[in-house]
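Participant: Got a structure for you, written out below as structure tokens; questions coming shortly.
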Amino acid sequence: QVQVVESGGGLVQPGGSLTLSCTASGNIHHIGHMGWYRQAPGHERALVATITSGGSTEYAESVEGRFTISRDSAKRTVALQMNDLNAEDTAVYYCYARILSAVTMRWNDYWGRGTQVTVST
């Protein structure tokens, strides 16, 4: 079994910072892309940031310059450093990983259950 688990959500004031972490575990042969998506109430799930196994990154325009994605391939983790947060960043944040199973030797997409980030006074 492969699992992807997020941590680090919470309540933060506007202008504040928060770091989300995500760890993949289980029968993993290789991890490709990892990333973060978010879903605000009444909106569809949308890309926040992704990072390839080689370290190339991509960001949504709305978070460019404020958020930084990073990964530690040896630890199978991906992190999202979020700075200068505002109310529009309030959402459930989901971790995503494209993983090659060590059991089936097939690629699949795995999602965490999500962690709530609330930006409010």
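Participant: May I ask you to give the percent of accessible area on the chain that is carbon plus sulfur, with a probe radius of 1.4 Å?
Facilitator: C and S atoms contribute 46 percent here.
Participant: Please give, to one decimal in nm, the separation of the simple spin-label points placed at THR19 and ASN108, each 7 Å out from Cα toward the Cβ.
Facilitator: With each label point 7 Å from Cα toward Cβ, the separation is 3.1 nm.
Participant: Let me spell out the model: positive unit charges on the Cβ of Lys and Arg, negative unit charges on the Cβ of Asp and Glu, origin at the Cα centre of the chain. What dipole size does that give, in debye rounded to 20?
Facilitator: Taking the Cα centre of the chain as origin, the dipole is about 500 debye.
Participant: Right, something else. So how far, in whole Å, is the C-alpha centre of region 77-121 from the one of region 1-49?
Facilitator: 1
Participant: Scan the chain and report its longest stretch carrying no GluC sites (Glu not before Pro) that are both in a DSSP loop and have at most 12 other Cβ atoms within 10 Å.
Facilitator: 65-121
Participant: If you don't mind, there's one more thing I want to ask. With the other protein chains left in place, how much accessible area per residue, in square angstrom, belongs to the chain at a 1.4 angstrom probe?
Facilitator: Heavy-atom SASA per residue in the chain reads 55 Å².
Participant: Run the paramagnetic zone check for ASN27: 7 angstrom along Cα to Cβ, then residues of region 1-16 with backbone nitrogen under 11 Å.
Facilitator: Only 1-2 fall inside the zone, counting backbone N under 11 Å.
Participant: Mind checking the full-extension length gain between GLU44 and SER120? Use 0.36 nm per residue of separation minus the Cα-Cα distance, one decimal, nm.
Facilitator: Separation in residues times 0.36 nm, less the Cα-Cα distance, equals 25.2 nm.
Participant: Report the rotationally averaged projected area of region 1-61 based on its alpha-carbon convex hull, in square nanometres.
Facilitator: So the Cα hull casts an average projection of 5.8 nm².
Participant: Another question, then. Using only the alpha-carbon atoms, what does the chain span along each of its principal axes? Please give whole angstrom values in decreasing order.
Facilitator: 47, 25, 23
The values are calculated or read from the model by the stated rules, or taken from the named source; none is laboratory data. Here the structure is a predicted model, which is why all the values come from computation and not from measurement. Methodologically, a virtual Cβ is constructed for each residue, glycine included, from the backbone with ideal geometry; neighbour enumeration extends over all protein chains shown. Accessible surface is based on the protein model in full, side chains and every heavy atom, while ligands, DNA and RNA are left aside. Shrake-Rupley method; radii C 1.70, N 1.55, O 1.52, S 1.80 Å.
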